[in-house]
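The values are calculated or read from the model by the stated rules, or taken from the named source; none is laboratory data. Owing to the predicted nature of the structure, the values given are computational and were not obtained by experimental measurement. Heads up, the Cβs are rebuilt from the backbone with ideal geometry, glycines too, and the neighbour counts pull from every protein chain shown. Keep in mind that these areas ignore ligands, DNA and RNA; they rest on the heavy atoms of the full protein, side chains included. Shrake-Rupley method; radii C 1.70, N 1.55, O 1.52, S 1.80 Å.
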Amino acid sequence: MRQTVKNLKNAMNINDWNAISTDFQKINQQVTKAAQTLAASGEGVPRFYIATIVQLAELVETTSKDKEKVKKMSKTNAKSLNAMKQNIKKNNALYEKEIEKYMENPDQGDDEEEGGADEESESSESAESESESEEEEKPKKEAKAEKKAKSDDDDDDDDDDSDWSNDDSSSSSDAGPVSGATGISKWMKTGDDSDDDGFEKVGDKGKKPKVVREQKAKKDDEDKPKEAVKEQMVLTEDNVKKRMEEIQAMRGKKGTSKKDQITQLELLATAKLSPGMTAQVLVHLIAAQFDSSMQRGGVSHMPISFEVEQQGGVKVPSRENCLWTKCKGNIQTLLQVLLDNPDLTEEATGQSAAAVADKMAQADAEMMMDDEGVEPIQVTSNLVSFVERLDDELYLSLRLLDNHSPEFLKRLLDIAPFLDLAEQVQTYYQTAGNDAVAARIAMRRLEHLYYKHDALVAKAAQAAPQVGDRVENRDKYVEEIAMCVYRFGDDAIKTRAMLCQIFYHALHDRFYQARDMMLMSHLQDTIHQTNSVPTQILFNRTMAQLGLAAFRSGLVQDAHGCFDELCGNNRLKELLAQGLSSQRFNERSQEQERMEKRRQTPYHMHINLELVECCHLVGAVLIEVPKMVANAYDAKRKVTSRALKRVFDNSDRNPLAGPPETTRDVVMAGARALEKGNWQQCENHILSLPVWGHLGTEEVVNNVKKMLKHRIKEEALRTFLFAYSAYYDALSLEQLCEMFQLEKTVVNSLVSKMIISDELFASWDQPTGSIVMHKKERSRLHHLSLQYSDLLAKLVESNEKAWDNRFGGYGYKEQREKQGGWGGGRGGGRGGGRGGGRMGGRDGEGGGRDNRDRREDRREDRRDNRGDDRRDNRGDDRRGDRDNRGDRN
């Protein structure tokens with residue numbers, strides 16, 4: 001200890017805070033080891049140690065105040081200073097009485113105390129070394145005795161079987177080779193005799209099995225819980241408090257066994273103490289259990305695997321021995337203590353490292369800021385933070401476990417106990433008047449309830465009681481929890497609560513209610529401005545569920561609007577956080593891939609991606625295919641759905657396509673049949689998809705299929721009229737009803753809408769019940785001619801622009817000379833010098849401008865003539881129709 005203090009003071013003299021931090025931790029460990037010896041001798045902490053930590057605290061304070069000196073430090077040195085500032089305050093808080101006693105007479109008896117401390121430390125070290133040496137010598141002596149006895153037996157046998165005398169054998173043992181040895185070891189002394197000269201036998205190949213066994217035994221002893229503490233320690237309140245402070249001081253240091261600390265704290269929690277002390281022990285125990293985390297996939301979490309217990313010689317997994325279950329039980333016990341003792345506060349029970357830590361954090365916030373000016377994160381340990389951390393650990397375990405393993409199913413069973421605990425904690429905080437914290441707990445409960453269907457909860461209630469949930473009037477139950485968040489929560493959790501409630505309504509096919517909530521909240525406009533990625537993922541999940549609700553309700557257009565943004569970029573899996581899709585031209589870094597894996601949604605909350613994609617493609621086919629057929633010869637036509645356009649392009653590139661296999665292939669085959677107006681084949685393809693079984697109950701699936709049949713027939717009728725109306729003079733209403741198996745009212749309504757919107761140039765003949773075509777549909781040759789004329793017009797216009805860029809005007813050379821452009825310029829240049837040149841140039845520019853004006857006038861005349869022709873043709877057609885009707889009447 002004396003040497004460590006000397007090294008520490010040397011580092012203090014040169015302001016080497018890295019060495020100071022290391023030596024400070026080392027001397028604390030030495031003081032902790034010597035605590036038992038000092039307590040047995042009746043002496044306290046050595047005075048020179050108290051003097052050292054007082055000097056160190058003064059040095060830390062003076063150095064922290066010197067801002068310029070801190071700025072000149074290296075980054076690592078400054079960080080060590082900041083860490084040392086916190087450590088010295090926590091350490092000195094444990095020795096407040098000793099420090100006060102020292103400060104009364106700082107110069108009295110320093111040498112004596114230091115000398116006594118040196119002697120005590122040396123004596124303790126010597127005692128320890130002696131005990132260790134004795135322990136090491138014991139097995140050596142035993143081994144030597146066994147070896148000597150064995151050699152004596154061998155000598156006896158040799159004496160019986162040989163005629164050699166004892167003197168000769170003894171001399172041969174001294175001078176001859178050792179039996180059973182090889183190499184040079186045959187000629188070395190074994191060291192068994194009392195008159196050895198310091199030689200010892202070298203083991204085979206330098207192996208040291210004894211040391212390995214000792215290290216292994218030492219490691220096993222560290223892993224085993226120390227039950228000696230229970231036998232030696234009397235669990236009084238003072239002893240528990242002292243032991244808890246020691247455990248807290250050793251927490252987080254190297255070489256400290258976390259399992260040992262948890263075992264000791266569990267032992268302290270069984271003592272009969274005052275409520276305040278019991279709560280403090282439980283707080284430290286829960287924090288220690290959360291500290292025993294492990295790294296997996298770049299994520300720190302509690303151990304997931306269920307521990308095993310020995311039952312009849314067979315290892316059986318036990319949920320009770322799982323660390324998460326134990327931690328939940330400790331939180332439940334802490335809550336019960338707080339409920340039984342309403343006068344206990346967070347500061348009194350040590351829940352928020354609080355009173356002291358918060359004041360220290362406020363005073364030291366400026367010093368703790370790093371070079372980038374980022375403030376440190378304040379970690380509080382109170383009841384609500386324990387519940388939130390417990391929920392995070394449950395979420396992480398569900399995400400990291402294999403969804404097909406039995407451990408995943410066992411972990412799902414822990415959701416109900418957590419909901420029960422969260423409900424009790426929310427009630428506790430509401431009773432205490434802390435509504436803001438109660439809103440945070442309510443949000444945690446809502447995130448475990450919104451994705452479950454009422455029918456599923458009712459079915460599960462038949463097998464086991466649903467603790468923390470409600471079977472009857474569950475919609476009102478969810479609404480009450482959401483209203484608690486709306487009233488007392490902050491903006492972030494209000495947004496998440498709104499999305500959860502919209503998802504819940506959409507899940508139960510209340511589309512209009514969910515749509516109105518989404519539109520009134522304006523989340524679709526502001527969600528992309530938030531920096532919270534989990535909130536954006538929840539919004540995407542809500543939009544997907546909203547689209548499914550619209551599709552189940554028969555609102556194909558609304559469903560397509562909800563799905564279009566999600567399915568347009570072929571990144572549906574990433575947007576819903578249900579996996580990582582391979583990107584050909586955009587490779588992720590390891591950090592990006594690690595961050596995306598952390599955001600993944602647990603398997604039991606997944607939305608069927610194939611169902612979403614199928615609903616989107618089928619809706620796009622029913623909307624886009626009639627438009628594609630109507631504008632088949634339009635070069636400027638655009639497909640609204642990017643996903644459907646991608647599917648059509650892939651199909652066009654593959655001329656040797658086989659029978660449809662995937663969902664996209666089947667939908668594509670149905671779209672090709674719908675283009676021809678073949679509704680039977682389209683219906684067979686689309687309705688044969690097995691993915692429709694994931695829409696919901698059997699009744700819901702039958703209703704959706706019935707709706708799809710009706711919509712396919714309607715869109716097939718519209719497609720037929722667009723494609724083949726030019727080949728008919730009239731179509732019978734009864735024939736159309738028979739072809740598409742639709743009622744007369746449905747066909748009449750569809751055709752009338754197409755006529756009113758100018759999609760079909762026809763009129764109804766009521767007496768005959770037929771549709772009379774007006775032959776306004778252009779043929780393919782007509783469309784090609786119009787395209788050719790448009791291309792020629794573009795060519796002429798580009799030629800005129802090139803001429804303007806080259807010569808500054810429109811027309812030929814002779815026309816420019818007649819208008820005075822070039823002639824005036826030359827004449828002015830020859831006859832009048834600058835004046836003539838300028839006038840000629842200006843006249844030429846004027847001629848160019850006149851040509852541009854004439855060209856624009858011609859274009860306007862062409863457009864007006866085309867418009868007049870179209871209006872005259874339409875008027876003539878309508879007059880002809882009226883005349884025909886009058887003649888028939």
Open item on the list: Of all residues being open to solvent by 30 Å² or more (accessible area, probe 1.4 Å) and not polar (S, T, N, Q) in region 549-573, which is farthest from the chain's Cα centre (by Cα)? Just the residue, please.
Closed with: Leu555
Open item on the list: Can you find a residue that is open to solvent by 70 Å² or more (accessible area, probe 1.4 Å) and within 19 Å of the chain's Cα centre (by Cα) anywhere in region 398-420?
Closed with: yes
- [ ] Check whether at least one residue in region 471-488 is closer than 20 Å to Glu574 by Cα and either crowded, with 16+ Cβ neighbours inside 10 Å or of a type outside the set (D, E, K, R) (or both), and report yes or no.
- [x] no
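Conditions tested, residue by residue: (1) of a type in the set (A, V, I, L, M); (2) surrounded by 19 or more Cβ atoms within 10 Å (Cβ to Cβ).
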| position | (1), (2) |
| --- | --- |
| Arg47 | no, yes |
| Ser64 | no, no |
| Ala83 | yes, no |
| Gln86 | no, no |
| Lys89 | no, no |
TODO: Give me a count of the residues in region 682-733 that are open to solvent by less than 20 Å² (accessible area, probe 1.4 Å) and among the acidic types (Asp, Glu).
DONE: 1
TODO: Take region 740-759 and flag every residue that is open to solvent by 60 Å² or more (accessible area, probe 1.4 Å) and outside any helix (DSSP H, G or I).
DONE: Gln741, Glu743, Ser757, Asp758, Glu759
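Which of the residues spanning region 508-531 are of a type in the set (A, V, I, L, M, F, W, C) and open to solvent by 60 Å² or more (accessible area, probe 1.4 Å)?
Correct list: Leu519, Met520.
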Open item on the list: When the residues of region 763-802 are narrowed to those that are assigned to a loop (DSSP other than H, G, I, E, B) and touching a strand residue (DSSP E or B) at 6+ places or on another chain (Cβ under 7 Å), which ends up most open to solvent (accessible area, probe 1.4 Å)?
Closed with: His774
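Residue-wise test of (1) at pLDDT below 50; (2) among the acidic types (Asp, Glu).
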| position | (1), (2) |
| --- | --- |
| Gln351 | no, no |
| Asp358 | yes, yes |
| Asp364 | yes, yes |
| Val379 | yes, no |
| Arg389 | no, no |
| Glu407 | no, yes |
- [ ] Can you tell me which residue within region 248-269, out of those that are among the β-branched types (Val, Ile, Thr) and at pLDDT 85 or above, is most open to solvent (accessible area, probe 1.4 Å)?
- [x] Thr263
Task: Subset of region 454-496 [in a helix (DSSP H, G or I), under 28 Å from the mean Cα position of the chain (by Cα) and among the small types (Gly, Ala, Ser)] - done: Ala482, Ala492
- [ ] State all residues of region 624-663 that are open to solvent by less than 20 Å² (accessible area, probe 1.4 Å), of a type in the set (A, V, I, L, M, F, W, C) and in contact (Cβ under 8 Å) with a residue 40 or more places away in the chain; if no residue qualifies, say none.
- [x] Val625, Ala643
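Which is of a type in the set (A, V, I, L, M, F, W, C) and either touching a strand residue (DSSP E or B) at 6+ places or on another chain (Cβ under 9 Å) or under 26 Å from Phe551 (Cα atoms) (or both), of Met520, Met483? Walk me through how you get there before you give the answer.
Working: Met483 fails: either touching a strand residue (DSSP E or B) at 6+ places or on another chain (Cβ under 9 Å) or under 26 Å from Phe551 (Cα atoms) (or both).
Of Met520, Met483, the one residue that is of a type in the set (A, V, I, L, M, F, W, C) and either touching a strand residue (DSSP E or B) at 6+ places or on another chain (Cβ under 9 Å) or under 26 Å from Phe551 (Cα atoms) (or both) is Met520.
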- [ ] Scan region 91-119 for residues that are touching a helix residue (DSSP H, G or I) at 6+ places or on another chain (Cβ under 6 Å), open to solvent by less than 80 Å² (accessible area, probe 1.4 Å) and modelled with pLDDT under 75 and jot them down.
- [x] Glu114, Ala117, Asp118
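Residue-by-condition table, conditions (1) touching a His at 6+ places or on another chain (Cβ under 8 Å); (2) within 19 Å of Ile286 (Cα to Cα); (3) small (Gly, Ala, Ser); (4) modelled with pLDDT of 65 or more:
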position: Met302; (1), (2), (3), (4): no, yes, no, yes
position: Val308; (1), (2), (3), (4): no, no, no, no
position: Glu320; (1), (2), (3), (4): no, yes, no, yes
position: Thr333; (1), (2), (3), (4): no, yes, no, yes
position: Val337; (1), (2), (3), (4): no, yes, no, yes
position: Asn341; (1), (2), (3), (4): no, no, no, yes
position: Glu346; (1), (2), (3), (4): no, yes, no, yes
TODO: All but one of (1) of a type outside the set (Ser, Thr, Tyr); (2) at pLDDT 90 or above; (3) open to solvent by less than 70 Å² (accessible area, probe 1.4 Å) hold for Gly373, so report the exception by its number.
DONE: (2)
TODO: Could you please give the count of residues in region 68-81 that are part of a helix (DSSP H, G or I) and open to solvent by 40 Å² or more (accessible area, probe 1.4 Å)?
DONE: 7
Task: helices (runs of 4 or more DSSP H) fully within region 630-701 counting 3 or more residues that are closer than 30 Å to Asp790 by Cα and modelled with pLDDT under 90 - done: 642-653
TODO: Identify, by number, the condition in (1) loosely packed, with under 15 Cβ neighbours inside 10 Å; (2) without any contact (Cβ under 8 Å) to a residue 24 or more places away in the chain that Gln430 doesn't meet.
DONE: (1)
TODO: Report whether or not Ala716 is out of contact with any Asp or Glu (no Cβ under 7 Å at 6 or more places or on another chain), assigned to a helix (DSSP H, G or I), more than 28 Å from Pro767 (Cβ to Cβ) and in contact (Cβ under 8 Å) with a residue 12 or more places away in the chain.
DONE: no
